[in-house]
Amino acid sequence: MAKNNGGEAGAFLIGFLVGGLVGAAAALLLAPQSGEETRAQIRTKAVELKGQAEEEITRVREKAEQTLEEARAKAEAVAADLRRRAEELQAQGRVLLEEGRRQLVEAVEETKKAAEQAKGATKEEAAPEAAEA
């Protein structure tokens, strides 16, 4: 959107200058006066157009700077929001990782207990069979 406004301002400025020059030239060529008067009018009109062009350039520059500053502020806000979200996701990841570790430790402990119980049960079954043989 900022590019579009800049293009419109540039087109306006060019149209403004061309229109001013064409109007000034037509007025000078159609008005009956001496060469000295015509040159004086050309100088006066050129100074006037230069001033108007400088004012327009200043206005466009200020608008561009304002738009740039607004874009920077929005970019900073988006970056801050993304950092915040990344930190939240990182914290959630830590919680999930810790929960996974806890569950893994519990599963290992349960497996060890089951293995010990199975080992004990096998020894108890083997002892009576060895006595019979």
**Request:** Pairs only if they're at least six apart or on different chains, beta carbon under 8 angstrom, first in the stretch 66-79 and of a type in the set (G, A, S), second surrounded by 10 or more Cβ atoms within 10 Å (Cβ to Cβ); list them, first residue then second.
**Result:** A71/A2
**Request:** Just one of (1) in a helix (DSSP H, G or I); (2) modelled with pLDDT under 90 trips up V108, so point out which.
**Result:** (2)
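Each row is one residue, and each column tells you yes or no for (1) of a type outside the set (D, E); (2) under 25 Å from G10 (Cβ atoms); (3) in a helix (DSSP H, G or I).
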| site | (1), (2), (3) |
| --- | --- |
| E69 | no, yes, yes |
| R72 | yes, yes, yes |
| A79 | yes, no, yes |
| L82 | yes, no, yes |
| E87 | no, no, yes |
| L97 | yes, no, yes |
**Asked** Looking at E36, is it at negative phi, over 48 Å from the mean Cα position of the chain (by Cα) and not basic (K, R)?
**Response** yes
**Message:** So R101 passes all but one of these: (1) surrounded by 10 or more Cβ atoms within 10 Å (Cβ to Cβ); (2) not in a helix (DSSP H, G or I). Which condition number does it fail?
**Reply:** (2)
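The values are calculated or read from the model by the stated rules, or taken from the named source; none is laboratory data. Nothing here was measured: the structure is a model prediction, and the numbers come from that model. No Cβ is skipped: glycine too gets one built from the backbone with ideal geometry, and neighbour counts run over all protein chains shown.
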